[in-house]
1. Tell me whether segment B:71-81 contains one or more residues that are open to solvent by 40 Å² or more (accessible area, probe 1.4 Å) and modelled with pLDDT of 95 or more.
2. Only one of these conditions is not met by residue A:22: (1) modelled with pLDDT of 90 or more; (2) touching a strand residue (DSSP E or B) at 6+ places or on another chain (Cβ under 6 Å). Which number is it?
3. For residue A:91, are the conditions met, namely being more than 14 Å from chain B (Cβ to nearest Cβ), buried (at least 21 other Cβ atoms within 10 Å of the Cβ) and small (Gly, Ala, Ser)?
4. Report the residue count in segment A:23-44 for those that are surrounded by fewer than 16 Cβ atoms within 10 Å (Cβ to Cβ) and over 15 Å from residue A:99 (Cβ atoms).
5. Mind listing whichever residues of segment A:32-46 are modelled with pLDDT of 90 or more and part of a loop (DSSP other than H, G, I, E, B)?
6. Looking at A:27, A:50, A:17, which one is closer than 27 Å to residue B:36 by Cβ, more than 14 Å from the chain's Cα centre (by Cα) and aliphatic (A, V, I, L, M)?
7. When the residues of segment A:70-88 are narrowed to those that are β-branched (Val, Ile, Thr) and outside any strand (DSSP E or B), which ends up nearest to the other protein chains (Cβ to nearest Cβ)?
Amino acid sequence: GDSVTQMEGPVTLSEEAFLTINCTYTATGYPSLFWYVQYPGEGLQLLLKATKADDKGSNKGFEATYRKETTSFHLEKGSVQVSDSAVYFCALLSSNTGKLIFGQGTTLQVKP
Amino acid sequence: GAGVSQSPSNKVTEKGKDVELRCDPISGHTALYWYRQSLGQGLEFLIYFQGNSAPDKSGLPSDRFSAERTGGSVSTLTIQRTQQEDSAVYLCASSLATGRVSLEQYFGPGTRLTVT
């Protein structure tokens, strides 16, 4: 079945460091790909998305490119801030079932 | 406009009791989803509604779990004879849906269920 694998955390970075959180997927058909973020004490929020191969999603300085050849959707940010500390979830939306399949989540902690 | 709302925000119940969790989707969203977020299992899909019908119940963990949706809007997730392993945050999401292809899902704040 469809699945998402993302790098284990926690990831601890200093402010202004470069961030990469790896995400790879297995899916039949042509899924859409998402990154969701969960700030401490809050619900899941959509961070960015890409709906087809080579699309780049971007928001709040974060970017991810849908790479069909490597089945990846890695999240990147050039300069993280303390306020980016949160749990990040990679997810795919199955084109067949409409079901969101999540990765296990990666905790990011940014220190001043 | 209003987002997805869920109630209660927190629920503590004794093992063996039944609980009902409520979800109010975004107005106009025809698709509604229930997920469970727990420490050991991450985020798991439970059930999906398109209108009032549930074409995919594959994620419900046991027959103690059921869900309904009436009027194409509010949904209730019911857990009967709760067990300690049911303790988790239950998340509801809604989306516009066209045919079998659903669009991005918007999540509610969740209901934290603790079974003692």
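The values are calculated or read from the model by the stated rules, or taken from the named source; none is laboratory data. Since we're looking at a predicted model, the values are computed, not measured. Please note: Cβ atoms are built from the backbone with ideal geometry, for glycine as well, and neighbour counts cover all protein chains shown. Keep in mind that these areas ignore ligands, DNA and RNA; they rest on the heavy atoms of the full protein, side chains included. Shrake-Rupley method; radii C 1.70, N 1.55, O 1.52, S 1.80 Å.
1. Within segment B:71-81, one or more residues are open to solvent by 40 Å² or more (accessible area, probe 1.4 Å) and modelled with pLDDT of 95 or more.
2. (2)
3. no
4. Summing the residues that are surrounded by fewer than 16 Cβ atoms within 10 Å (Cβ to Cβ) and over 15 Å from residue A:99 (Cβ atoms) in segment A:23-44 gives 4.
5. A:39
6. Answer to the selection: A:27.
7. Checked segment A:70-88; the qualifying residue nearest to the other protein chains (Cβ to nearest Cβ) is A:71.
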